[in-house]
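The structure appears right after this line, and notes come after that.
The values are calculated or read from the model by the stated rules, or taken from the named source; none is laboratory data. No experiment lies behind these values; they were computed from the predicted model shown. Here Cβ is always computed from backbone atoms with ideal geometry, including for glycine, and neighbour counts include all displayed protein chains. The protein model used for the area step is the full one, side chains on, heavy atoms only, and it has no ligands, DNA or RNA in it. Shrake-Rupley method; radii C 1.70, N 1.55, O 1.52, S 1.80 Å.
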Amino acid sequence: MKINKIIKALSLLLVVAFAACSDFEDTVIDSPERPAGNLGVFFPANPSLFELEPTDEPKITLKIAREISAGAVQVPVKVEINDENIFNVPQSVSFADGQKEVEFNVTFPEAKEGVAYDLKLVVEGDTYVNPYGSPLNYVSTTVSRIKWSPVPRPLVYIDGTFATLFGVQFYPMYVEADSVKLDESTRYRFKNAYRVPTSDDPDEDGIFDGYPYNSPGDFDDSQDWLTTIEIYENGKVFMGSSEIGVDWGYGMISIGNLLGNTSQTDESAYPLGKFENNVITFGANSLYFSMAGYSNGGKYAASNPTTIYLSKEAYIAANLKIEDFNDVEYELVEGELGTFESAAYSDIWSRTLSQAIDLDVDNEDSDYKSLFYISDLYAEDYGLAFYNYDGVIRIPENQPTGIEFLGNEVFVSQSPKHSSSVYENFKGTSVYTFGLIFHYKDGTIVGDFAETYYYSEEALTYVKDDFLGNFSLIGATEPLDVVIDENTDNNFVITGIKYADAVKATFDSTEVSLTIVPQALADTETADGVYEAVLYTVIPAGASGSAPLKFEFNLRGDLVVSESSIASGFRIRGFNVEDEDDQLWLHSNLKPIFIVQESEDALSSSIESYALRTTIVDKFTGSGPNFFKQGKKSVNAKTLKNEVSAKNVY
């Protein structure tokens, strides 16, 4: 499998979070000014851990910088932490005129082998530190003189940091490591963990010998790139800040713990890793992911875990891998509604939903947890397996469908074009959207569709009250906020449609439907004058003065034109009251859909579904699959994504 050719283009990640409040008052606050003569001295990125061989010179080099470079100056350096007074620190650091960043040395000739020594240096004072600046005015690091021993067998490493900003999945890779036992911890040092793999395919256990998304040129192999972790006796694990040798076009990538490598101090929000049963786990918001050339090197909290197994045996024991999702034992999820709406076939089928029986109950990362299955989907004995992680849908790659097209077996994988999601609508129906690529085994794509599945534990019924309230009306150039009210019994009025003060509608309690007929509207005023407005419905022959336009709720919970409706849309025509020759179409909606205003997920999902249905109707006819041979299954993981918002915490 050519992993570095899979998942290759999603759009730019939106990393700005918006907040709104109905009673918010917009207030402008002047930014505080830097004190006069202040130099803005700070410590740029310095290693949080230095490891020296016993034969190395007992010296480290640190960086210090200033924002104002004019003039030569001596900056005093205060020592806040100096374990056993082992470090020799200069009392001050000299900047030459025009110099913004300098290096200085700290020595420790008396440091013992195998002992970790902590050092913290601080710059203070209004002359030197900008109280309104964000860079750190201190540097903390740990220095050790140790003798490493190679770990006899490689570890298994599953990275979760790249998914913070890129559309990648999680694959295991072998990592060579050294280790050393210290007084209160065991330290591991990974060498070139993210190197380019020698093969596009994993070994028989599904493990790669490098990071599978890296191609030649992505990894700098001119030197060794070391990542160090510390396992403490209490089971906590710390990863020092380190560059990993990878650049995907946004600058050198670095990773490490947020706690201890940034200004973050809340361990409950940004926890350290944990070590248990020969497995190291850095959970959500434990590690950061940073690219030197993106967002000023901002450090983004990784919401996905990174897991390190100290042996292949530990990895295999913790991961009872599923080879064929059709062979997994599932149990039926009882429900009154289970309907699959296929864009690939332009058809609707009744299908059942099941959940996997967990064969690895004690393993929190078991392949069986959160695994669901729609059975006999496109062919008998072939279903669609998917994971539902609290509303985040992930579809395993290369699932056989039982379909043959042009003599080739067809498989499905998750689509980078159509998103996969689930939400519950106002009637309690779970609306699943599965973005699926249909492809041959060699990656040739024959279809890319958003398929929809509706599930409800209870039978789905609609009543008159469901037709009343706030809706988004789509189908025209832009969505409109409209309100449907009951004027008298079963007589409704719709407000919010452009150029229509109020549109009358009737409710049929027998058919549970709403009908709009052609009607005169209140006069409307435009920049060109006052117009008498008339609503016409639309039939294949054009505008109609008599055809009714009937709406019913669909499975998604949208109020759509019913199949039995004579008309399919409406148009509003204006007649100038001052000039009988001045007539024009003021507004048109040829495929109207009313969407209950309950959530942005429902609105965006309905708009996408509307666009897809329009495409299918316009493009395909017949009952077979809507397939045709396209390019290879090849998307770019190296373009920033927009599926998940990441938080820049430093």
| over 41 Å from the mean Cα position of the chain (by Cα) and at positive phi - does that describe any residue in segment 539-558? | yes
| said: Please determine whether any residue of segment 337-344 is open to solvent by less than 30 Å² (accessible area, probe 1.4 Å), farther than 28 Å from G428 by Cα, touching a strand residue (DSSP E or B) at 6+ places or on another chain (Cβ under 6 Å) and assigned to a strand (DSSP E or B). | reply: no
| Candidate set from segment 234-250 (those that are more than 14 Å from F162 (Cα to Cα) and part of a loop (DSSP other than H, G, I, E, B)); member that is most open to solvent (accessible area, probe 1.4 Å) | N234
| query | If you go through segment 395-411 one residue at a time, do you hit one that is touching an Asp or Glu at 6+ places or on another chain (Cβ under 6 Å) and buried (at least 19 other Cβ atoms within 10 Å of the Cβ)? | reply | no
| task | Go through segment 557-579 and give me each residue that's buried (at least 22 other Cβ atoms within 10 Å of the Cβ) and part of a loop (DSSP other than H, G, I, E, B). | result | G557, A567
| note | Looking across segment 131-185 at residues that are free of Cβ contacts under 8 Å to residues at least 40 places away in the same chain and within 23 Å of A301 (Cα to Cα), the single one that is surrounded by the fewest Cβ atoms within 10 Å (Cβ to Cβ) is S134
| task | Test S419 against the stated conditions and say whether it is under 26 Å from the mean Cα position of the chain (by Cα), crowded, with 20+ Cβ neighbours inside 10 Å and among the small types (G, A, S). | result | no
| Matching residues, segment 96-115, being open to solvent by less than 70 Å² (accessible area, probe 1.4 Å) and closer than 13 Å to I60 by Cβ | F104, V106, T107, F108, A111
| Out of segment 529-555, which residues are in contact with a Phe, Trp or Tyr (Cβ under 7 Å, 6 or more places away or on another chain) and not in a strand (DSSP E or B)? | G545, L555
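Quick grid of which residues meet (1) of a type in the set (G, A, S); (2) in a strand (DSSP E or B); (3) exposed (fewer than 15 other Cβ atoms within 10 Å of the Cβ); (4) touching a helix residue (DSSP H, G or I) at 6+ places or on another chain (Cβ under 9 Å):
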residue	(1), (2), (3), (4)
A450	yes, yes, no, yes
Y454	no, yes, no, no
F471	no, yes, no, no
N487	no, yes, yes, no
I497	no, no, no, no
F507	no, yes, no, yes
T510	no, no, yes, no
L514	no, yes, no, yes
